[in-house]
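Take a look at the structure below.
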Amino acid sequence: MMKMKRIKSIHKAAAWIFQIALFSYFCFQGASAIAEDKGSGHMDRIVGAWTWTSKQSDGELFTSVMDISLEESGSLMGGIRNPEGERIPFESVNLKGDQIQVVVDHEIMGQAFKASYGGKVTGSNIEGEVVIRFQDRILRRGWKARRLLEFPLTGEWDWKLSTPDGNELKATLIIHQDAEGVSGRLESEQFNMPLREISFKAGQLKFVTQREENGGTFYSSGKWHGNLLSGQVSSPSIGEGLKLPWEARKR
């Protein structure tokens, strides 16, 4: 009788231990999954494309685009694309809390250097600094990046053209950009011209406009710098080899 009670007690204890183990297994599995989801959601805040514009020593604006993606393994990866369209993969990328740090190996004219982009992620902005290590020198400068919209050209732009006599011709540049491509028009009180043969590749915008009243055809090209477009216009009607500067700022 005592033996039977002992066996039953052992069975109860075993069943109880098994239930605790089973309960603990599912609880910890659930906690782990929640932690992973939370981590993935945390990383989602940095996933996407980011852009910034800086000024070179010669005064020319230089726009870069950084893309960050989340792999199935849960690790981040990506690269930085320069205005020429060349993509440089990250050497490393780390996100801790609201701090992001990206390290990239650059090479310009055969000279290799390492750049570390680090900053605080706040909504659609990153603000921090770039640390450049070149040979035995370390250079630091402020760095601000903003999240790049999927179709950054869409909207109205205040366009102006500098004429040879020192005046400015002003108009509204209206652009629509989607997965199918880019379209738009240039309009003012004096004209309304659709943008023809329009293309946007590697930060370079090109289009052709034509004034019907005098048959003048104008070829425009410009670089995209976030909320600024700047470039040149050429046309046989304004002189062979003559190029006039233009720019447009997004409203």
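Coordinate-derived values only; no laboratory data. All values derive from a computational prediction rather than experimental measurement. Backbone-built Cβ (ideal geometry, glycine too); neighbour counts: all protein chains shown.
To keep it simple, each residue is scored yes or no on (1) of a type in the set (Phe, Trp, Tyr); (2) free of Cβ contacts under 8 Å to residues at least 12 places away in the same chain; (3) more than 22 Å from residue 121 (Cβ to Cβ).
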position	(1), (2), (3)
52	yes, no, no
55	no, yes, yes
60	no, yes, yes
63	no, no, no
70	no, no, no
80	no, no, no
88	no, no, no
93	no, no, no
108	no, yes, yes
| request: Within region 167-188, identify whether any single residue is of a type in the set (Gly, Ala, Ser), within 13 Å of residue 154 (Cα to Cα) and surrounded by 15 or more Cβ atoms within 10 Å (Cβ to Cβ), and answer yes or no. | output: yes
| said: Quick check on residue 87: is it within 27 Å of residue 223 (Cα to Cα), touching an Asp or Glu at 6+ places or on another chain (Cβ under 6 Å) and of a type outside the set (S, T, N, Q)? | reply: no
| task | Could you list all residues from region 112-124 that are among the polar types (S, T, N, Q) and surrounded by 14 or more Cβ atoms within 10 Å (Cβ to Cβ)? | result | 116
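Looking only at region 95-111, count every residue that is surrounded by 13 or more Cβ atoms within 10 Å (Cβ to Cβ) and over 18 Å from residue 64 (Cα atoms) and tell me the total.
Step one: of region 95-111, the residues surrounded by 13 or more Cβ atoms within 10 Å (Cβ to Cβ) are 95, 98-104, 106.
Filter once more, so that each one left must be over 18 Å from residue 64 (Cα atoms): 95, 98-99.
Residues in region 95-111 being surrounded by 13 or more Cβ atoms within 10 Å (Cβ to Cβ) and over 18 Å from residue 64 (Cα atoms): 3 in total.
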